[in-house]
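For reference, the structure is listed below as C-alpha cells.
None of the figures in this text is laboratory data; all of them are computed from the coordinates on show. What you see is a predicted model, and the numbers here were worked out from it, not measured in a lab. Here the Cβ is made from the backbone with ideal geometry for all residues, glycine too, and neighbour counts use every protein chain on show.
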C-alpha cells in the first residue's frame, strides 16, 4: 500500500469556504507554509470536486451556498476517508458533536489562531499517515480493514465510521490493557480540550451496537473510572 509522506511532497488541501476574503487569505497562508491548495469559488458540484481528486485533507465550512456543510461532510464520508477538518463560526457544542458524528476528524471555531490551525492540520495529517501504514488488523474473531473502514466477520463486512475505526483499532493495539477515555479522545481529535466528553460516549455506544448486530457480543468492556478494555 502506498504510504503518504507528509514531508516529501506538498500535501494537497481542498478549502471549501464561501467567504472570498477568508478563502483567499487562508489559501495564501497555507501555501506559504508548504501546502498545495485548491479553493473553488463555485459550489455547484462541490461534492464531486471533493471526490474527484486525491486530496490529503479537506477544510470545510458549514455555512455554504447551494449545499449545507453537514450534508457535504456526510456525503464525502460515504465514499472517502479523506481527513476533514470543520472550520466554522458555528461553534456550539451541538455543532461540534454533529460534525464529529458525521465523520469529521477535527473541529475548529472561527475566529481561530492561524498557528493553531496549522498545528491541527499537521496533527490530522500525521494521524492519517499512521493509519495508512497497515491495511488489516487481525482481532481474533474478526478482522479490521483499515483501508475500507470496516470489520470483516464470517465473510460479511460491517461498515464503520472513521471514529469507530480509530476507537476499535486503538483498543486492539493495546489489547488486554485498559485505555482511558482521555487517551481515546487524544487519538481521535488531537486534544480532549476540543471535544465534548459526550461525543466519545456516543461513538462507543454506536460501535457496541454494530458489534452486537454482527454477532460479536460484548467486545468492549467498561472499567468504571478507568476506561475501556478488549480481551
**Request:** Pick out, from segment 140-231, the strands (runs of 3 or more DSSP E) lying fully within it that include 1 or more residues that are surrounded by 15 or more Cβ atoms within 10 Å (Cβ to Cβ) and at positive phi.
**Result:** 227-229
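Residues to consider are 111, 83; find the one that is closer than 29 Å to residue 33 by Cα and out of contact with any helix residue (DSSP H, G or I) (no Cβ under 7 Å at 6 or more places or on another chain). Walk me through it before giving the result.
Numbers: 83 fails: out of contact with any helix residue (DSSP H, G or I) (no Cβ under 7 Å at 6 or more places or on another chain).
Among 111, 83, only 111 is closer than 29 Å to residue 33 by Cα and out of contact with any helix residue (DSSP H, G or I) (no Cβ under 7 Å at 6 or more places or on another chain).
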**Item:** Residue list for segment 140-159, filter: within 15 Å of residue 219 (Cα to Cα), out of contact with any strand residue (DSSP E or B) (no Cβ under 6 Å at 6 or more places or on another chain) and free of Cβ contacts under 8 Å to residues at least 60 places away in the same chain
**Value:** 140
